[in-house]
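The values are calculated or read from the model by the stated rules, or taken from the named source; none is laboratory data. In this text, all values refer to a predicted model and were calculated from it rather than measured experimentally. Every residue, glycine among them, receives a Cβ derived from its backbone with ideal geometry; neighbour counts consider all protein chains shown. We work out accessible area using only protein heavy atoms, side chains counted, and drop any ligands, DNA or RNA first. Shrake-Rupley method; radii C 1.70, N 1.55, O 1.52, S 1.80 Å.
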Amino acid sequence: MKAGVSTILGGLASRYFSWGRAINRFSTSVAVEEPIRPTVQIDYTQLLINGQFVDAASGKTFPTLDPRTGEVIAHVAEGDTEDVNRAVSAARKAFDEGPWPKMTPYERSCIIYRFADLLEKHRNEIAALETWDNGKPYEQAANVEIPLVIRNFRYYAGWADKIHGLTVPADGPYHVQTLHEPIGVAGQLVPWNFPLLIYSWKVGPALACGNTMVLKTAELTPLSALYVSKLFLEAGLPPGVLNVISGFGPTAGAALCSHMDVDKLDFTGSTNTGKIVLGLASKSNLKKVTLELGGKSPIIVCEDADIDLAVEHAHTAVFFNQGQCCCAGSRTFVHESVYNEFIEKAKARALKRVVGDPFKKGVEQGPQIDGEQFKKILNYIRSGIESGATLEYGGERVGSKGYYIQPTVFSNVEDNMLIAKEEIFGPVQSILKFKTFDEVIRRANTTQFGLAAGVFTKNINTANTLTRALRVGTVWINCYFVFDAAIPFGGNKMSGNGREKGIYGLSNYFQVKAVVTPLKNPAWL
């Protein structure tokens, strides 16, 4: 993914909101103007259970808020244990008795392809909902994320009729084959920072393998998942195959993770919550669990690096999506010989970053997701200052309304500072100095996390050495945030287990069965 998308949206985009006055790209904007109101309709705020949008059993709702103002966008059905039970029952019946697992793989792929076509048809409405509910720039949502969502579903639609087992030679007169069978009912929990992108990472492979599912949306960003799930019904997905519950983690989320009739869990979110998910799975029926969790990803800028390239990618790595990325490059290690040059250029780039209403053309950074995250980030910034790091730029709130924070750059950061150790999940760049490769490898790996890393060098031997030494799931060389449907993604250590996307993502949603048949007087073995 790339920040600062320069593609100018055409006439279709103007149907859903008006751009308003353009912003000067060469100074940090101040979000003080009246927010633009998107004209997209919010039609889906109920739970999706067994092919029908229904109220929560309790009748309760909760507000979803606009991060630009803190004001209510809509009230959404608040699912709870009874609703999860209804959804799991529908998914179980759809798997055990319904047509979905019994369709030919080609028939399943056709439905997923039709859904992807509908996503493309409605991409501007979907992007507007994602921006309104989350605060991410509309240009990012429309030109980067939604195209990736569409690509992910088409990728897994293509896999649906290519999932198969093997014929295995055995010592003796036996015919041995393996079957790749759908697991059954999957429980999926998606985060608030990339609601639809990670929806596609989970729903796509689960459907391709023939499973049914109950998906819980993040309570902060429920709107886009409910909208696109309606398009799945329009594409011909049978009732009960995909059920969507909006609600809170301690209630709906816990009920889903603990449910004895759920066969598989797939969770993306914080490491602490991932531990809870894993514990609930182990205490119930030992259901299979995939976890994609937090990170504190290092970027290593070597002395021979293209500094301008490294500065731009390191900037994107930490500020993209308001810094709310699990694999954000939030520890930037720079060789001492180029450290001062890097600091000055990083500071200058942050100064040019455009912060403002995410619906405005040219805005690179919108508000943080909510008041809690906003306060947490400002506390980390205060901690960095108090611990002795040099605040090169930023550190303040932008405007007086909403949850906007200046892009913030720290130099002279030490490994023992909180801003270098803990996941901030905000627009804060921590720049550290190193002398030798052995030193930077040790320091980069001295963390509980192991999600991603970036390396900037012109020397292929240096790149190869660092690639193999870094204990992470993804290493980007002279680039960052390159996401593709075929590239697996996941972490080591406390950043989780399993991989999503690509061929590896399929293994989360099938199980292997060995079938052994005796051979009588075989002509050959």
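Summary of values
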read-out: Members of the range 412-421 found to be open to solvent by 70 Å² or more (accessible area, probe 1.4 Å) and farther than 25 Å from Asn193 by Cβ, listed by number; value: Asn412, Glu414, Asn416
read-out: The listed residue being without any contact (Cβ under 8 Å) to a residue 40 or more places away in the chain and in contact with a helix residue (DSSP H, G or I) (Cβ under 8 Å, 6 or more places away or on another chain), out of Ala453, Ala463, Ala469, Ala485; value: Ala469
read-out: Any strands (runs of 3 or more DSSP E) falling wholly within the range 46-139 and containing at least 3 residues that are without any contact (Cβ under 8 Å) to a residue 12 or more places away in the chain; value: none
read-out: The range 481-493, subset more than 15 Å from the chain's Cα centre (by Cα) and assigned to a loop (DSSP other than H, G, I, E, B), residue nearest to Ile299 (Cα to Cα); value: Asn492
read-out: Hits in the range 375-411 (condition: surrounded by 15 or more Cβ atoms within 10 Å (Cβ to Cβ), among the small types (Gly, Ala, Ser) and part of a loop (DSSP other than H, G, I, E, B)); value: Ser387, Ala389, Gly394, Gly395, Gly399, Gly402
read-out: Failed condition for Ile23, given (1) in a loop (DSSP other than H, G, I, E, B); (2) under 18 Å from Ala128 (Cβ atoms); (3) modelled with pLDDT under 50; (4) more than 25 Å from the chain's Cα centre (by Cα); value: (2)
read-out: Count of residues meeting criterion [at negative phi and surrounded by 14 or more Cβ atoms within 10 Å (Cβ to Cβ)] in the range 491-518; value: 16
read-out: One residue from Asn134, Asn143 being polar (S, T, N, Q), within 30 Å of Gly426 (Cβ to Cβ), open to solvent by less than 10 Å² (accessible area, probe 1.4 Å) and at pLDDT 95 or above; value: Asn134
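Each row is one residue, and each column tells you yes or no for (1) out of contact with any Ser or Thr (no Cβ under 7 Å at 6 or more places or on another chain); (2) more than 25 Å from Ile405 (Cβ to Cβ).
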residue: Ile245; (1), (2): yes, yes
residue: Ser282; (1), (2): yes, yes
residue: Thr290; (1), (2): yes, yes
residue: Gly295; (1), (2): no, no
residue: Glu303; (1), (2): no, yes
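Condition check ((1) open to solvent by less than 10 Å² (accessible area, probe 1.4 Å); (2) over 22 Å from Ser270 (Cβ atoms); (3) not in a loop (DSSP other than H, G, I, E, B)) across all residues:
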site	(1), (2), (3)
Glu423	no, no, no
Leu432	yes, yes, yes
Glu439	no, yes, yes
Ala463	yes, yes, yes
Val472	no, no, no
Trp476	no, yes, yes
Cys479	no, yes, no
